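Here's the structure, in structure tokens; my notes come after.
The values are calculated or read from the model by the stated rules, or taken from the named source; none is laboratory data. Model, not experiment: these values are computed from the prediction. Cβ sites come from the backbone with ideal geometry, for glycine too, and all protein chains shown count toward neighbours. These area figures cover heavy atoms from the full protein model, side chains too; ligands, DNA and RNA do not enter into them. Shrake-Rupley method; radii C 1.70, N 1.55, O 1.52, S 1.80 Å.
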Amino acid sequence: MSVIPAPPLASLPVLGSADRFPVHRIYCIGRNYAEHAREMGATVDRGQPVFFLKAATCLWDPAEPVPYPPATQDLHHEVELVAALGAGGRDLDLDAARRAIHGYALGLDLTRRDLQAAAKAKGLPWDTAKNFEAAAPTGPIRPVSPDFDPTSGELSLEVNGVVRQRADIAEMVFQVPEIVAMLSRLFTLRPGDLVFTGTPAGVAALVPGDRFVARFPGLPALAGTMA
Ligand code: MN
């Protein structure tokens with residue numbers, strides 16, 4: 001046993017600014033690309049979206065090698081477009097949800113897939129699979145502007161120079177404002193909330209030494225290595 005210093009307060013850099021974006025909660029949606037739902041042996045149910053949370057302390061700056069987590073033999077990458085909320089509220093309609101989006105970043109929803117599979121088999125929660133140290137390597141936020149308000153564009157992830165995941169965000173089952181509106185019927189959203197918007201097909205294992213590069217038009221590439 002050792003005493004570990006408290007992590008710094010969770011925040012993300014903002015492109016073009018010296019300010020940082022203080023992060024409140026991290027919401028995630030599962031099964032938001034039909035092809036990924038299929039590869040996981042699930043189907044898309046528009047009546048019952050899958051939501052879960054990660055602690056804000058899961059954020060990790062990929063400038064530092066990403067520590068490989070304990071208790072897994074099967075750590076998976078899930079590249080995702082991340083929406084950052086600049087406003088909150090409850091029961092937002094689609095217009096209010098759209099206006100609440102301050103900007104976007106690239107992130108990885110790292111997943112201990114073996115723990116998730118065991119939890120799913122027993123109908124248990126996913127927390128140990130999704131919510132652990134450095135489970136959310138995330139890049140800087142680019143604020144929405146007339147030049148950057150994406151509703152389409154190719155989201156991709158390369159590992160060791162080979163493309164593993166690739167899809168257009170227009171293929172999302174629930175578009176970002178819909179996700180925000182749905183979340184606002186479950187939670188009181190706040191400025192500082194992040195929303196991981198789901199991952200395309202092609203999820204697979206990361207192992208120590210792997211180098212990853214995530215890309216989305218208009219955002220800086222999110223590149224890093226697994227320690
Ligand atoms: Mn995910």
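Among residues of segment 144-166 that are assigned to a loop (DSSP other than H, G, I, E, B), those with a beta-carbon under 7 Å from a residue that is crowded, with 18+ Cβ neighbours inside 10 Å and of a type in the set (Gly, Ala, Ser) at least six positions away or on a different chain give the pairs Val144/Gly103. Only residues that are within 23 Å of Gly192 (Cα to Cα) and of a type outside the set (Lys, Arg) were counted across segment 65-96, and they come to 18.
In segment 173-213, the qualifying residues are those that are hydrophobic (A, V, I, L, M, F, W, C) and over 27 Å from Gly88 (Cα atoms), and the one that is surrounded by the fewest Cβ atoms within 10 Å (Cβ to Cβ) is Val207. The C-beta contact set for segment 101-116 (first residue without any contact (Cβ under 8 Å) to a residue 24 or more places away in the chain, second residue within 16 Å of the ligand (Cβ to nearest atom), distance under 6 angstrom, 6+ apart or interchain) comprises Gln116/Trp126; Gln116/Ala129. Check whether at least one residue in segment 3-23 is within 16 Å of the ligand (Cβ to nearest atom), among the β-branched types (Val, Ile, Thr) and within 27 Å of Glu154 (Cα to Cα), and report yes or no. No: zero hits. Screening His102 against (1) touching a strand residue (DSSP E or B) at 6+ places or on another chain (Cβ under 8 Å); (2) surrounded by 15 or more Cβ atoms within 10 Å (Cβ to Cβ); (3) part of a loop (DSSP other than H, G, I, E, B) leaves a single unmet condition, (3).
Taking segment 194-219 as the search range and keeping residues that are touching a Lys or Arg at 6+ places or on another chain (Cβ under 8 Å) and more than 16 Å from the ligand (Cβ to nearest atom), which one is farthest from His24 (Cα to Cα)? In this case the residue turns out to be Gly218. Of the residues contained in segment 132-147, one or more are found to be surrounded by fewer than 23 Cβ atoms within 10 Å (Cβ to Cβ), away from the ligand (no atom under 15 Å from the Cβ) and of a type in the set (Asp, Glu). For segment 105-125, filtering for residues that are in a loop (DSSP other than H, G, I, E, B) and open to solvent by less than 50 Å² (accessible area, probe 1.4 Å) leaves 2.
Within the option set His36, His77, being in contact (Cβ under 8 Å) with a residue 12 or more places away in the chain, crowded, with 18+ Cβ neighbours inside 10 Å and within 14 Å of Gly107 (Cα to Cα) holds for one residue only, His77. Tally the residues that are surrounded by 14 or more Cβ atoms within 10 Å (Cβ to Cβ) and part of a loop (DSSP other than H, G, I, E, B), restricting the search to segment 43-59. So the answer is 3. Looking at Phe216, is it open to solvent by less than 60 Å² (accessible area, probe 1.4 Å) and farther than 11 Å from Val79 by Cα? So Phe216 fails the test.
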